[in-house]
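Colleague: A single structure is presented below for examination.
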Amino acid sequence: MDFFEVVKKRYSHKEKFLPDPVPLEVLEKIAAAGLLAPNGMNMQCVHLVILPDREAVAKLCEIHPTPGLLTAPAAIAVLTDNSRQSEPPKNFELEDYSAAAENMLLAATALGYESLWLDSPYFDETRQKQALALLGASDNFNLRVVLPVGLPDGEGTRRGRVPFEERVFYGKFGQVKVSPDSGA
């Protein structure tokens, strides 16, 4: 599949997944794509935990039964190491995990699977600590997002997008593209 086709096809799958297992090789390809994402000053603060089967995912659901995760046959948890900082102190956790997660979402789509960016359950400090303990990560890590991975059980809902012309400007905000035929 062409890159631009993958970008256009990717969506946040919030419906049920089929119970079909996701091969470990597929999960590893998706994870590898995440680790190839750009990262600030090469600090490489992103770490991943592959949850390779329904049993592993179900344990995370016990902390918070998120609909997008309840039927997922596999998932990848994206963590950042907040002790990784540059000199002078600068931490790139948000940028790094966001780039890694997007790479993984696109990789899942390219490989014929669907996924979803799940982060809000882990904004809660108690759930964050429980999830980190379950995943075996120390206190200097943050669980940023969990990406369920699987085959969709039916067609997923795709939300509409504001048209390109209403969000992209030329030269300055609000400036529309001038057509060569307009005489301007």
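Values quoted throughout were computed directly from the atomic coordinates according to the rules given, and no laboratory measurement underlies them. Not measured: the values here are computed from a predicted model. For neighbour counting, all protein chains shown are included, and Cβ atoms are generated from backbone atoms with ideal geometry for every residue, glycine included.
Colleague: Quick one: go through segment 52-76 and flag any residue whose amide nitrogen is under 14 Å from the point 7 Å out along the Cα-to-Cβ line of Thr126.
Modeller: Flagged as within label range: 63-65.
Colleague: Right, something else. Just list whichever of Lys9/Lys29; Lys16/Lys129; Lys16/Lys59; Lys8/Lys90 have alpha carbons separated by over 23 Å in the model shown.
Modeller: Values: Lys9/Lys29 19 Å; Lys16/Lys129 27 Å; Lys16/Lys59 18 Å; Lys8/Lys90 34 Å.
Violating the 23 Å limit, Cα to Cα: Lys16/Lys129; Lys8/Lys90.
Colleague: A further question on this structure: Pop out the Kirkwood hydrodynamic radius of segment 63-184 from its pairwise C-alpha distances, inverse of mean 1/r, in Å to one decimal.
Modeller: Over segment 63-184, the inverse of the mean reciprocal pair distance is 17.6 Å.
Colleague: Let me know the Kirkwood hydrodynamic radius for segment 1-131, please, with Cα pairs as the basis and the value in Å to one decimal.
Modeller: 15.5 Å
Colleague: Once the Cβ-Cβ distance between Lys29 and Tyr170 is put in as r, and R0 is 25 Å, what FRET efficiency do you end up with, to the nearest 0.05?
Modeller: Details: r = 38 Å, r/R0 = 1.51.
Rounded to the nearest 0.05, the efficiency is 0.10.
Colleague: Let me ask something else about it. Output needed for segment 17-71: three equivalent-ellipsoid semi-axes, defined as square roots of 5 times the C-alpha gyration tensor eigenvalues, in descending order, whole Å.
Modeller: Ellipsoid semi-axes (Å, largest first): 25, 15, 9.
Colleague: Shape verdict for segment 121-172, please, from the Cα gyration tensor: rounded (a/c under 1.5), prolate (a/b greater than b/c) or oblate.
Modeller: Details: a/c = 3.75, a/b = 1.72, b/c = 2.18.
Oblate, since a/c reaches 1.5 and b/c is not below a/b.
Colleague: Given H placed 1.01 Å from N in the peptide plane, which residues other than close sequence neighbours of Leu51 have an amide H under 5 Å from its amide H?
Modeller: Hits under the 5 Å cutoff: Ala75, Ile76, Ala77.
Colleague: Still on this model: Chymotrypsin sites (Phe, Trp or Tyr not before Pro) within segment 152-182: which are DSSP loop residues with at most 12 other Cβ atoms inside 10 Å?
Modeller: On the way: sites: Phe164, Phe169, Tyr170, Phe173; in loops: Phe169, Tyr170, Phe173.
Answer in residue order: Phe169, Tyr170, Phe173.
Colleague: Per 0.36 nm of contour for each residue apart, how much would the distance between Gln44 and Ser12 grow if the chain were fully extended, relative to their Cα-Cα spacing? Mind dumping the intermediate values first?
Modeller: Values: separation 32, 0.36 × 32 = 11.52 nm, distance 2.59 nm.
Here the segment from Gln44 to Ser12 would lengthen by 8.9 nm.
Colleague: Projected onto the charge dipole of the chain (+1 at Lys/Arg Cβ, -1 at Asp/Glu Cβ, origin at the Cα centre), which of Val168, Leu24, Thr109 gives the Cα projection farthest towards the positive end?
Modeller: Sorting the options by dipole projection puts first Val168.
Colleague: For Val145, enumerate residues with amide H under 5 Å from its amide H, sequence gap 5+ or separate chain, H modeled in the peptide plane.
Modeller: Here the answer is Val78, since their amide H atoms fall under 5 Å of that of Val145.
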